[in-house]
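Here is the structure we will look at.
The values are calculated or read from the model by the stated rules, or taken from the named source; none is laboratory data. Please read these numbers as outputs of a predicted model, since none were measured by experiment. Backbone-built Cβ (ideal geometry, glycine too); neighbour counts: all protein chains shown.
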Amino acid sequence: MYNINKDLANIFKKMAAIYEFLDDRFRAMAYQRAAHIIEDLPDDVRNYILTGKLYSIKGIGPSIASKIEEYVNTGKIQKYEELKKKVPEDFIELVDLPGFGPKTLKRIHDELGISTKEELIKALKDGRIEQLPGFGPKKVENMLKGLQMYELSKRRILLWEALEISRYLVDKLKKNLKEIKDIEVVGSVRRRKETIGDLDILVIAEDKDRTKIMDYFTSLPEISQILVKGPKKSSVVMKFEGKERQVDLRIFRKDEWGAALQYFTGSKQHNVHLREIAKEKGLKINEYGVYKADTEEKIAGETEESVYNAVGMDWIPPELREDRGEIEAALQHKLPELVELKDIKGDMHVHSTWSDGVNEIKDIAEFVKKRYGYEYIVITDHSKSQRVARGLDEERILKEIEEVKILNKMMGWDFIKIGTEVDILLDGSLDFPDEILSKLDWVVASVHSHFNRDNTDRIIKAMENPYVNVIGHPTGRLIGLREAYPVDMDAVIKKAKETGTALEINAQPRRLDINDIWIRKAVEEGVKLVISTDSHNLGNFAFMEIGVAQARRGWATKKDILNTKSWKEIQKFVEDKRKRLGGVLQKR
DNA sequence: GCCGTTTTCGGCCCGACTGTTTTCAGTCG
Ligand SMILES: Nc1nc2c(ncn2[C@H]2C[C@H](O)[C@@H](COP(=O)(O)OP(=O)(O)OP(=O)(O)O)O2)c(=O)[nH]1
Ligand SMILES: [Mg+2]
Ligand SMILES: [Mg+2]
Ligand SMILES: [Zn+2]
């Protein structure tokens with residue numbers, strides 16, 4: 001069964017855009033919200049219809065629910081088909097461009113009878129649009145610039161890339177402007193979202209220094225365009241390694257720090273919801289503080305905690321701020337105690353020169369132990385089907401097992417554990433016989449082929465093997481390059497629970513697989529997770545941070561994550577499954 | 001279109017910057 005949530009969410013987003021164009025803002029908001037909710041659902045909407053839960057989701061009312069059912073039953077939404085006729089097709093895309101709002105487009109359509117992108121460009125150039133009352137030369141110029149930015153407005157970048165750019169920018173600003181008292185990367189980067197649209201930077205400074213800071217910021221050599229520039233807020237387009245990216249900067253006073261941080265971290269939906277609740281309580285929240293609505297008296301804002309406390313909530317970790325129930329949990333003081341980077345005791349998916357890694361096992365072990373202070377690492381090289389990756393056959397992995405034994409003895413530790421990343425073959429069997437697998441400390445099983453077929457059966461069969469401990473990058477998606485292969489993750493999660501198999505949170509920046517939504521679902525179902533870097537070189541071990549961040553975004557606590565546990569406990573996890581499914585136990 | 005132990009109707013977050021305006025609407029964060 002293929003997941004139709006994405007298709008449905010896209011339709012609702014388009015309907016929202018159309019309603020904006022038709023000047024029905026609030027209806028547009030309702031559809032936008034519904035689109036977000038459906039995007040975030042872990043299960044296929046059809047399951048929500050079957051269980052009747054669809055109607056109890058906040059934000060989905062009778063009208064939208066019936067449209068969802070209509071789409072499920074007929075593959076179409078009549079209302080959407082009608083709406084499409086009211087708005088030129090091109091305009092639905094154009095409304096996403098900077099400077100192209102619904103009001104602007106509507107007037108151009110109504111007053112000039114323009115309905116294609118081409119006609120619009122022509123009218124911009126021949127002066128017809130400039131003639132319209134309320135329009136002028138600057139506006140036309142900005143719209144033409146907006147059209148150039150078509151690509152920029154679409155593509156998002158990986159969290160890891162955004163973190164690297166952020167660090168570079170923050171260092172540069174801090175180093176060259178001693179007027180900056182404090183600086184923080186906020187927005188989706190602070191929330192550690194898997195992809196990032198633009199970078200948002202918050203600066204604390206005295207009022208008198210604002211102009212100097214903004215002048216410096218807007219004259220950086222990386223800048224290709226200044227979008228807006230004011231005393232408190234500027235937006236620019238910067239070029240990093242040939243690629244353009246928007247950067248927003250806002251300056252606040254020291255005593256506004258908490259409220260500013262809260263506002264600028266978002267998400268938008270989280271902010272709106274928070275502000276609604278404040279309003280119900282007779283308060284007002286903006287980026288400067290929390291105020292009593294009647295007297296305008298400021299009652300909080302110096303710290304983020306003070307802002308949340310003022311409306312009766314516990315402080316909410318940034319990774320949770322997506323309006324996915326964290327506000328309600330914070331009100332009831334029931335937020336989870338999220339797993340932290342410092343809880344991680346080892347990395348359990350690592351490649352060495354035995355397959356496609358660039359470092360020798362000994363060098364990896366010494367580096368990781370010293371740099372990260374882990375208690376263990378598991379070397380998991382590829383199996384023989386991965387020919388380009390120099391995957392190991394039975395003979396070579398037996399040698400690798402020996403090498404690890406010798407290394408541990410030589411170093412006087414038992415830091416290095418030996419495992420494999422064994423291929424799940426087309427029929428769901430594994431690339432090593434059980435006899436080999438039973439000799440290993442840890443087995444990662446991954447799908448590396450046949451991405452177009454539904455792979456649920458292969459993964460389920462692999463999990464039924466008593467020696468498979470975790471499914472590697474379970475959905476196979478590569479962010480921005482390749483969609484997940486068809487797989488019924490509900491069934492996979494259920495089977496994981498049933499067999500005592502863990503699921504991987506692969507921390508490679510392009511994978512982050514499973515994602516935050518599935519992590520949350522797995523946590524709810526009591527399935528254990530392993531956060532792994534899948535390192536192929538020493539630098540890759542740093543990816544652990546964004547893996548942990550995704551776990552946090554999925555509401556995972558320390559107890560949900562296997563590699564926060566001692567090796568003894570991991571061994572117990574391995575043995576439990578072998579016992580349960582009739583495998584052979586290893587001598588300890 | 002959605003929602004509600006202060007509302008089943010009348011609200012729906014709040015503010016910075018820009019261009020074109022003689023006082024503010026539109027767009028964006
Ligand atoms: N209250 C409020 N805050 C907003 C609104 N739009 C944006 N913000 C805040 C919350 C956002 O996280 C923050 C930065 O805005 P961005 O547009 O850059 O969004 P964000 O960084 O969350 O996602 P991105 O990856 O950039 O698409 O500004 C809004 O309409 N109302
Ligand atoms: Mg942003
Ligand atoms: Mg931004
Ligand atoms: Zn791997």
- Note on the structure: The correct count of residues that are touching a Ser or Thr at 6+ places or on another chain (Cβ under 7 Å) and more than 16 Å from ligand 2 (Cβ to nearest atom) in region A:173-185 is 0
- Note on the structure: Of the residues in region A:172-228, those that are among the small types (Gly, Ala, Ser) and either within 16 Å of ligand 4 (Cβ to nearest atom) or in contact with a Gly (Cβ under 9 Å, 6 or more places away or on another chain) (or both) come to A:187, A:188, A:197
- Lone qualifier among A:247, A:236, A:203, A:272 - being within 11 Å of ligand 1 (Cβ to nearest atom) and touching a Leu at 6+ places or on another chain (Cβ under 9 Å): A:247
- Query: Do any residues in region A:226-253 that are touching a residue at least 12 places away in the same chain (Cβ under 8 Å) and among the aromatic types (Phe, Trp, Tyr) have Cβ atoms under 8 Å from those of residues that are in a strand (DSSP E or B) and within 16 Å of ligand 2 (Cβ to nearest atom), where the two are at least six apart or on different chains, and which pairs are they?
  - Reply: A:252/A:202; A:252/A:203
- Identify, by number, the condition in (1) more than 24 Å from the chain's Cα centre (by Cα); (2) modelled with pLDDT of 95 or more; (3) hydrophobic (A, V, I, L, M, F, W, C); (4) not in a helix (DSSP H, G or I) that residue A:574 doesn't meet. (4)
- helices (runs of 4 or more DSSP H) (entirely within region A:1-108) containing at least 1 residues that are under 26 Å from residue A:193 (Cα atoms) and not assigned by TED's automatic domain parsing to the domain that holds residue A:553: A:5-21, A:25-40, A:45-51, A:89-94
- Task: Can you confirm whether region A:308-326 contains a residue that is in contact with a Gly (Cβ under 8 Å, 6 or more places away or on another chain), more than 16 Å from ligand 3 (Cβ to nearest atom), aliphatic (A, V, I, L, M) and over 23 Å from residue A:180 (Cα atoms)?
- Result: no
- Of A:201, A:223, A:196, which residue is closer than 21 Å to residue A:258 by Cα, touching a strand residue (DSSP E or B) at 6+ places or on another chain (Cβ under 6 Å) and either surrounded by fewer than 19 Cβ atoms within 10 Å (Cβ to Cβ) or in the same structural domain as residue A:238 (by TED's automatic domain parsing) (or both)? A:201
- Query: Residues in region A:110-121: is at least one in a helix (DSSP H, G or I), in contact with a Ser or Thr (Cβ under 8 Å, 6 or more places away or on another chain) and in the same structural domain as residue A:10 (by TED's automatic domain parsing)?
  - Reply: no
- Message: If the requirement is being at pLDDT 90 or above, within 30 Å of residue A:507 (Cβ to Cβ) and within 16 Å of ligand 3 (Cβ to nearest atom), which of these qualifies: A:198, A:171?
- Response: A:198
- Task: List every residue pair whose Cβ atoms lie under 6 Å apart, where the two residues are 6 or more positions apart in sequence or sit on different chains, the first residue falls within region A:109-121 and is farther than 15 Å from residue A:139 by Cβ, and the second residue, located anywhere, is at pLDDT 90 or above and of a type in the set (Gly, Ala, Ser).
- Result: A:114/A:123
- Residue ID - surrounded by the most Cβ atoms within 10 Å (Cβ to Cβ), chosen from residues in region A:527-566 that are touching a Pro at 6+ places or on another chain (Cβ under 7 Å) and of a type in the set (Val, Ile, Thr): A:546
- Considering region A:406-436 alone, what residues qualify as being of a type in the set (Lys, Arg) and touching a residue at least 12 places away in the same chain (Cβ under 8 Å)? A:417
- Task: List every residue pair whose Cβ atoms lie under 6 Å apart, where the two residues are 6 or more positions apart in sequence or sit on different chains, the first residue falls within region A:274-292 and is within 17 Å of residue A:323 (Cα to Cα) and in the same structural domain as residue A:316 (by TED's automatic domain parsing), and the second residue, located anywhere, is near DNA strand B (Cβ under 8 Å from one of its atoms) and among the small types (Gly, Ala, Ser).
- Result: A:285/A:278
- Name the helices (runs of 4 or more DSSP H) wholly within region A:435-537 that hold at least 2 residues that are within 18 Å of residue A:552 (Cα to Cα)? A:516-524
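For (1) surrounded by 24 or more Cβ atoms within 10 Å (Cβ to Cβ); (2) assigned by TED's automatic domain parsing to the domain that holds residue A:503; (3) in contact with a strand residue (DSSP E or B) (Cβ under 7 Å, 6 or more places away or on another chain), each residue gets a yes or a no:
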residue: A:418; (1), (2), (3): no, yes, yes
residue: A:424; (1), (2), (3): yes, yes, yes
residue: A:449; (1), (2), (3): no, yes, no
residue: A:460; (1), (2), (3): no, yes, no
- Task: Answer yes or no as to whether residue A:536 is away from ligand 1 (no atom under 16 Å from the Cβ) and in contact with a Ser or Thr (Cβ under 7 Å, 6 or more places away or on another chain).
- Result: no
- Message: Based on this model, can you work out whether residue A:254 counts as within 26 Å of residue A:149 (Cβ to Cβ), surrounded by fewer than 17 Cβ atoms within 10 Å (Cβ to Cβ) and not hydroxyl-bearing (Ser, Thr, Tyr)?
- Response: no
- Among A:261, A:274, the single one that is part of a helix (DSSP H, G or I), away from ligand 3 (no atom under 16 Å from the Cβ) and either at pLDDT 95 or above or acidic (Asp, Glu) (or both) is A:274
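Condition check ((1) more than 30 Å from residue A:513 (Cβ to Cβ); (2) β-branched (Val, Ile, Thr); (3) in contact with a Ser or Thr (Cβ under 6 Å, 6 or more places away or on another chain); (4) within 14 Å of ligand 2 (Cβ to nearest atom)) across all residues:
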{"residue": "A:187", "(1), (2), (3), (4)": "no, no, no, yes"}
{"residue": "A:201", "(1), (2), (3), (4)": "no, yes, no, yes"}
{"residue": "A:214", "(1), (2), (3), (4)": "yes, no, yes, no"}
{"residue": "A:235", "(1), (2), (3), (4)": "yes, no, no, yes"}
- Message: Which numbered condition in (1) of a type outside the set (Lys, Arg); (2) farther than 26 Å from residue A:251 by Cβ; (3) at pLDDT 95 or above is the only one that residue A:294 fails?
- Response: (3)
